[in-house]
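Worksheet for the structure shown next.
The values are calculated or read from the model by the stated rules, or taken from the named source; none is laboratory data. Worth saying up front: this structure is predicted, and the values here are computed from it rather than measured. Cβ coordinates were reconstructed from backbone atoms using ideal geometry, including for glycine residues, and neighbour counts include every protein chain displayed. Side chains included, ligands, DNA and RNA excluded: accessible areas come from the protein's heavy atoms. Shrake-Rupley method; radii C 1.70, N 1.55, O 1.52, S 1.80 Å.
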Amino acid sequence: IAAPAPAPGGTRSTVERDGPTRRPRFRVDDLRLALDRGELMLAYQPFVDAATGAVTGFEALLRWHHAALGPVSPADFVPVAERHGLIGAMGTWVLDTACRQAATWRGDCRVSVNVSPVQLRQPGLFDRVASALEASGLPPHRLELELTESVMVSDVAAAINCIRRIRALGVNVALDDFGTGYSSLGYLQRFVFDRLKIDRSFIQGIDESQANWVLVRAMHDIARGLGMAVTAEGVETEAAVALLRGIGCDELQGFLFSRPVDAAAVRRLLADPTWDRGSARAATACGP
Ligand code: C2E
Ligand code: MG
Ligand code: MG
Ligand code: MG
């Protein structure tokens with residue numbers, strides 16, 4: 001797809017400031033041209049069934065390989081894309097690519113796609129989802145959208161309506177990074193989600209912090225009480241697996257099982273009936 005033309009007056013020489021972790025600077029124009037230059041790709045990180053360890057799906061995670069700087073983290077460039085009007089085109093590319101690749105996967109695994117609150121706020125998200133499904137032939141139940149809580153959603157009624165129409169297509173909608181936003185419980189009151197993803201900041205300390213463990217159990221109970229499935233993100237230890245299994249958490253995701261890998265590694269993983277954590281870890285990791 002064509003990158004949008006630079007804004008009149010030009011952001012040509014705009015250079016983004018260092019992020020909090022002092023990553024290399026990139027120019028907004030580089031990001032604007034990244035799609036056309038083929039510098040963007042999707043990495044996929046599996047979800048596993050907490051009870052059986054079977055792969056249930058993959059989260060699509062955007063990767064940018066900058067020609068001079070090398071890999072740039074989505075945590076750094078997605079907010080820039082949001083601020084500079086680039087997230088619409090980028091998000092459409094992610095949806096189309098994830099659906100097209102997932103349609104070639106063996107079995108019934110889902111693909112989860114992150115959707116920016118800016119995309120949710122703009123008109124046309126429903127149409128983009130519908131056309132990504134149609135163009136790829138991916139059955140709607142195999143697509144899930146991950147939304148984050150955000151104070152940026154100004155028109156709540158429009159957002160609720162958009163989510164309702166997308167769910168009516170048969171697509172699932174998940175609330176990502178639960179617990180880190182400003183209005184977690186308010187969101188659950190107003191929006192209907194199929195799944196809650198508990199943020200990794202709670203999961204990572206559950207075997208050491210009593211507070212984290214209490215909060216994770218409470219979030220799990222709330223989700224279950226509201227009829228939602230629960231995914232724990234950022235699972236890195238066997239101790240966390242045991243605790244989460246113990247409370248009946250549905251699904252786990254984290255470096256313990258696999259880092260994000262490229263599309264070819266997904267196909268190899270799905271073709272291998274003897275897949276286990278070891279072979280996924282051995283697959284070529286793709287970014288963070
Ligand atoms: P997210 O959606 O919460 O994605 C999970 C992030 O946690 C990923 O980082 C993943 O690599 C990382 N992660 C997974 N398991 C573990 C673990 O066990 N330990 C640790 N330390 N980290 C783990 P990544 O790929 O750098 O993405 C960061 C964020 O960027 C995402 O958070 C999401 O908010 C955003 N993002 C990524 N791709 C897209 C996209 O296509 N569209 C939009 N709008 N945002 C995206
Ligand atoms: Mg996500
Ligand atoms: Mg997440
Ligand atoms: Mg997260």
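See the values below:
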quantity	calculated
³J(HN,Hα) computed for each position of the stretch 94-108 - Karplus, 6.51 cos²θ - 1.76 cosθ + 1.60, integer Hz, glycine/proline x	4, 4, 4, 5, 5, 5, 5, 5, 5, 5, 8, 6, 6, x, 10
Cβ crowding within 10 Å averaged over residues, with 155-166, 109-120 ranked highest first	109-120, 155-166
Whole-Hz couplings from phi, Karplus 6.51/-1.76/1.60, listed for the stretch 34-48; x for Gly and Pro	4, 4, 5, 7, x, 8, 9, 8, 9, 9, 10, 10, x, 9, 10
Mean separation of Cα contacts under 8 Å (6+ apart) over length of the stretch 157-220, as relative contact order %	27
From phi via Karplus (6.51, -1.76, 1.60), per-residue ³J(HN,Hα) for the stretch 206-213 in Hz, x at Gly/Pro	5, 7, 10, 9, 4, 4, 4, 5
Cβ-defined net charge surrounding Leu226, 13 Å radius [Lys, Arg +1; Asp, Glu -1]	+1
Local electrostatic count, Leu42, Cβ distance below 11 Å [Lys/Arg +1, Asp/Glu -1]	-1
Added length on full extension, which subtracts the Cα-Cα distance from 0.36 nm per residue, Asp108 to Ala157	14.3 nm
Average accessible surface area per residue within the stretch 124-207, 1.4 Å rolling probe, Å²	45
Packing-based ranking, highest mean first, of 121-128, 31-38 given that Cβ atoms within 10 Å are counted	31-38, 121-128
Charge context of Asp177, other residues only, Cβ under 11 angstrom, K/R +1, D/E -1	-3
Gain in span if fully extended, Asp221 to Ala130, counting 0.36 nm per residue against the direct Cα distance	29.5 nm
